[in-house]
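Please read the structure below before turning to the comments.
Taken together, the values in this text are just the output of simple stated rules run on the coordinates, not laboratory data. Remember, predicted model here, so these are calculated numbers, not experimental data. Quick reminder, even Gly has a Cβ in these numbers, built from the backbone with ideal geometry, and neighbours come from all protein chains shown.
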Amino acid sequence: MSEPLVPIIERDDSGPYLVGTRCRACEHVFVGPREACARCTERESLESLRLADSGRVYVWTVVHRSFPGVATPFIDAIVDLDDGSHLKGTLADIDPDAVTFDLPVRVEFREEIPAGETLPYLTYVFVPSKETGDE
Ligand SMILES: [Zn+2]
C-alpha cells in the first residue's frame, strides 16, 4: 500500500480521506491537525474530523513551470470544501479554459509514481463533480 504524500491523508476500511480539525467553540474547520483555533484562540475545544470530499473552486491558476519531473501544464486551485475549510491542490481532468469560479469539484485519491522513482505515493486531486457534466 502506497504511503500518503501529505500527513492530512489518512485511511480506514472505507479508503483514504482528508483529516481536519473543528473548533467546537466557534465551529471553524481547518485542514489538518491544530493545537489552537486560529479564529478564536480556543485550545480546549478542538476535535479531529473527516473533511468534506466535495467543494467549489475559489481561485485557480495554470502552472507552466515547476520542479524537474513534474509534468506541466497543470491547474493549481484553492477549493472551499463543503465543511467550510479551504484546501489547495491540483485540479485534474478538465481543460484549463473550462474552469470557472464556483465550479463544483470532489476530492479524488490517486497513486502516482514520481519521475525517476519506482514506488507510488498516495495523493489527492480535485476533479469536476459528476453532476456538472464537465468531464
Ligand atoms: Zn474557534
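Just flag the chymotrypsin sites (Phe, Trp or Tyr not before Pro) in the range 40-135 sitting in loop per DSSP whose Cβ has no more than 13 other Cβ atoms within 10 Å. Hits after loop and neighbour filter: F101. Percent of C-alpha pairs per 5 Å bin in the range 3-130, short distances first: 2, 10, 18, 19, 19, 15, 10, 5, 2, 0. Longest stretch of the chain clear of exposed loop sites (trypsin sites (Lys or Arg not before Pro), DSSP loop, at most 14 other Cβ atoms within 10 Å, sites excluded): 66-135.
Counting only DSSP beta bridges whose two residues both lie in the chain, roughly 90 percent are antiparallel. Database note for the chain: every Cys has another Cys beta carbon under 4.7 angstrom.
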